[in-house]
Amino acid sequence: MELYFDKLYIDGEFVNSHSKETYNVFSSIDEEFYAQIPMGSPDDVTGAVSAARRAFIDWSSRPIESRLEYLDRIREAIEKRSDEISEVITHEVGMPIGLSKKIQCGLALTDISETIQAARNVNLEERVGNSLIVREPIGVVGAITPWNYPLHQITAKLAPALAAGCCIVVKPASQAPISAIILAEIVNQIGLPPGVFNLIFGPGSEVGEEIVKSEDVDMISFTGSTNAGRAIGALAAKTVKRVTLELGGKSANIILDDADLDRAIGSALNACFLNSGQTCSALSRLLVPEKLVGEIEGRILAEIKKFVVGNPFEKGTRIGPLVSQVQQERVRRYIFSGIDDGAKLVLGGAEQPEGLSKGFYVKPTVFSKVTREMKIAQEEIFGPVLSILEYEDDEEAVELANETIYGLSGGVWSQDFDRALGLARKIRTGQVDINGGSFNPKAPFGGYKQSGSGRELGKYGLEEYFEIKAIQT
Ligand code: NAD
């Protein structure tokens, strides 16, 4: 199948771009041409931002319930097209189709439903002494998003922005753009007022930066790499706009000496290898007590048999390919660096997996004897590579967990809940899962340190899209 798209979505219409440039998307599975999208230009940004500014006057003054009704219709329409959405994302990103339906599409649906619920309970006005405190929408939001969970990362911004009364200009990553185009079709079909949602594509360095620089954009909500986040934060400072950043991670999963290893090991592999490791909150470092390393390596070698690598449309596949050749090569370079630095290759490696001559696959790879200064202990790989580090006692485990520039997520395994909770409190990250505690779409998501600033999802995510005014009486 080959898909061709030639329009941006601005001011309630599908329009031609001012640029002649296009971008080709390749299927992660067979490396063949899959889709073409138009690139936007700085002039298109100006058009989209002006449309959003105009729409803001009416949209922000509507009763919140009217805005939530539109959001609910968007949610319903996404649900109706969920098969199609999951399929395109599986082609683009490589996530196995069953997981794609459940996670890629499922999260987009819960982003919206949980935001609707949070918005129904938000305190838009309250009294503090002689002041009336009023929450007002911040204005026009520029949403810049990555490719790894492409629809979820848009809906995690779109839902709270629209609920709060903001209008939005979305610039997704070019590598996985099609679910965003489907979203524009949905927005158009349900009759969302023109200018409330605008979709534009283009290189981050040109189109993305133009959105960040714009004086008519009041807030940037960015998800992506820490490098791009730094550049965006610096550029946005020139117009003193609000910036929320959801960036990279190198999260630690601490196995304590009393952990239930029957549960912990399968969960640890899943928490690292989900979506072929292309997950910002992946638990990509496994911290284990020195005396248990041998046993844990053995258990990993047994457990890995369940992680079948293959075509993500085939039943039974647990690990599909990566998004692109660029990403595949980047991950392989990290595998070579682990070998060169003297880590022990427990399984996997940089070669193409057997029986898969085409596709951007990388074998699930586990290194042990990783030491704290190695690149594979410090840098985000964004592929299926797990680094095992050893520690002596709980204190050293926490020290290691906190020893990267990142602070996004983490895990602790112990049969003593209070001991695990004690460690969870000491880990400097925005999320920690105890004994594989499951993802909660109502809970705030975001990073400490260089994993970002601000929170997404549920009521905490909604808060980011308000200005707060105090009126003294
Ligand atoms: P990326 O930073 O290269 O690109 C993300 C988006 O930003 C794209 O739309 C890109 O075009 C745009 N962009 C890049 N440079 C820009 C600039 N200077 N100005 C404006 N826009 C710019 O990231 P990616 O490769 O698409 O995604 C992978 C990264 O995203 C990983 O590092 C991952 O950890 C991170 N991520 C973080 C979260 C989170 O919630 N913390 C979630 C998903 C992904």
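Details
- Scan segment 415-446 for residues that are open to solvent by less than 40 Å² (accessible area, probe 1.4 Å), under 24 Å from residue 260 (Cα atoms) and of a type in the set (A, V, I, L, M) and the total you get is 5.
- Unmet criterion (only one of (1) of a type in the set (A, V, I, L, M, F, W, C); (2) surrounded by fewer than 22 Cβ atoms within 10 Å (Cβ to Cβ); (3) touching a residue at least 12 places away in the same chain (Cβ under 8 Å)) for residue 240: (3)
- Test: residue 449 is open to solvent by 20 Å² or more (accessible area, probe 1.4 Å), within 13 Å of the ligand (Cβ to nearest atom) and of a type in the set (D, E, K, R): yes
- Boolean, residue 408 is within 16 Å of the ligand (Cβ to nearest atom), among the hydrophobic types (A, V, I, L, M, F, W, C) and not assigned by TED's automatic domain parsing to the domain that holds residue 344: no
- Selection count, segment 218-260, where residues are hydrophobic (A, V, I, L, M, F, W, C), out of contact with any helix residue (DSSP H, G or I) (no Cβ under 6 Å at 6 or more places or on another chain) and more than 23 Å from residue 148 (Cβ to Cβ): 5
- One residue from 176, 163 being surrounded by 24 or more Cβ atoms within 10 Å (Cβ to Cβ) and more than 14 Å from the ligand (Cβ to nearest atom): 163
Residue-wise test of (1) touching a Leu at 6+ places or on another chain (Cβ under 9 Å); (2) within 12 Å of the ligand (Cβ to nearest atom).
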residue: 181; (1), (2): yes, no
residue: 185; (1), (2): no, no
residue: 196; (1), (2): yes, no
residue: 204; (1), (2): no, yes
residue: 213; (1), (2): yes, yes
residue: 222; (1), (2): yes, yes
residue: 232; (1), (2): yes, yes
residue: 237; (1), (2): no, no
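- Residue check, residue 191 out of contact with any Leu (no Cβ under 8 Å at 6 or more places or on another chain), more than 16 Å from the ligand (Cβ to nearest atom), open to solvent by 10 Å² or more (accessible area, probe 1.4 Å) and at positive phi: yes
- Residues located in segment 24-37, provided they are surrounded by fewer than 17 Cβ atoms within 10 Å (Cβ to Cβ) and either hydroxyl-bearing (Ser, Thr, Tyr) or assigned to a loop (DSSP other than H, G, I, E, B) (or both): 30, 31, 32
- Counting only residues that are away from the ligand (no atom under 16 Å from the Cβ) and under 20 Å from residue 181 (Cβ atoms), segment 112-155 holds 1 of them.
- Some residue of segment 151-163 being part of a loop (DSSP other than H, G, I, E, B) and in contact with a helix residue (DSSP H, G or I) (Cβ under 6 Å, 6 or more places away or on another chain): no
- Per the listing 339, 319, the residue uniquely touching a Pro at 6+ places or on another chain (Cβ under 8 Å) and of a type in the set (Val, Ile, Thr) is 319.
The values are calculated or read from the model by the stated rules, or taken from the named source; none is laboratory data. As the structure is a prediction and not an experimental result, all values here were calculated from the model. Neighbour counts are summed over all protein chains in view; Cβ atoms, including those assigned to glycine, are modelled from backbone coordinates with ideal geometry. These area figures cover heavy atoms from the full protein model, side chains too; ligands, DNA and RNA do not enter into them. Shrake-Rupley method; radii C 1.70, N 1.55, O 1.52, S 1.80 Å.
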